[in-house]
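Here it is, the structure, as structure tokens.
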């Protein structure tokens, strides 16, 4: 009995080792298969509006620039869908601002430097004693202010210098007032454009946190990032508006300042023309 049990123990021990080895190989094979085999697809989360619009955007992103009218219009539509009512206000204000800029540019183009130089030549002719030629040059000048200069020269005498001066300055203010109009509107646009963008960003971030709180997904970084990305669209649009409008306002204001300086110089020359014309007239009488 004893010898049989002692002989069976080694055989059982060997079988146990073979069984353990087989189970280990089976476990290793299962792990390897689990790492290489395709897993079951998890239900896809519903994409955020930003993710959906980004996926549908052409190469280059939503804000890419294209000369194709269809692509351009699709980009504007995506911006409106992302930014909401703030972007609608910003785009409307930008259209209004561009209209004002084009109107002011056309208005300043009518005040040509050659016409201003022609006024100076007319005053030179007047101081040189050739009043008839000076009045003819003023009559041919396309600037409306030339009529005012002509009026001042024809009515200027030693006893009414102050009266004519006040009248000419009044007419100059009337002439320059339309050139000043609507420039403050462009300045307001590039001031409020970033503020509107900041307002849209703040309201968008608030709405994103409210949506996260309502869904209970407080640790969902993807949803939070998507909401912030959408909110920053308004700031991007605001800065894209403010920079070019600031540049255009600066250019228009510089042109206006040059026109004002030229008009002031012309007014000064009108009243010093009598001082220059007196020696010229006396010299002409001496020669005669």
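Mind sorting 132, 104 by how few other Cβ atoms lie within 10 Å of their own Cβ, fewest first?
Placing the least packed residue first, the sequence is 132, 104.
Could you line up 187, 158 from fewest to most neighbouring Cβ atoms inside 10 Å?
158, 187
Right, another one. Given R₀ = 45 Å, FRET efficiency for residue 258-residue 205 by Cβ-Cβ distance, to 0.05?
0.50
What list do you get for 113, 208 if you sort them by fewest beta carbons within 10 Å?
113, 208
OK, next. Note the full-extension length gain between residue 268 and residue 98 as 0.36 nm times their separation in residues minus their Cα-Cα distance, in nm to one decimal.
Here the answer is 57.6 nm.
Every number here is computed from the coordinates shown, using simple stated rules; none is lab data. All figures in this text were calculated on a predicted structure; none of them were measured in a lab. Methodologically, a virtual Cβ is constructed for each residue, glycine included, from the backbone with ideal geometry; neighbour enumeration extends over all protein chains shown.
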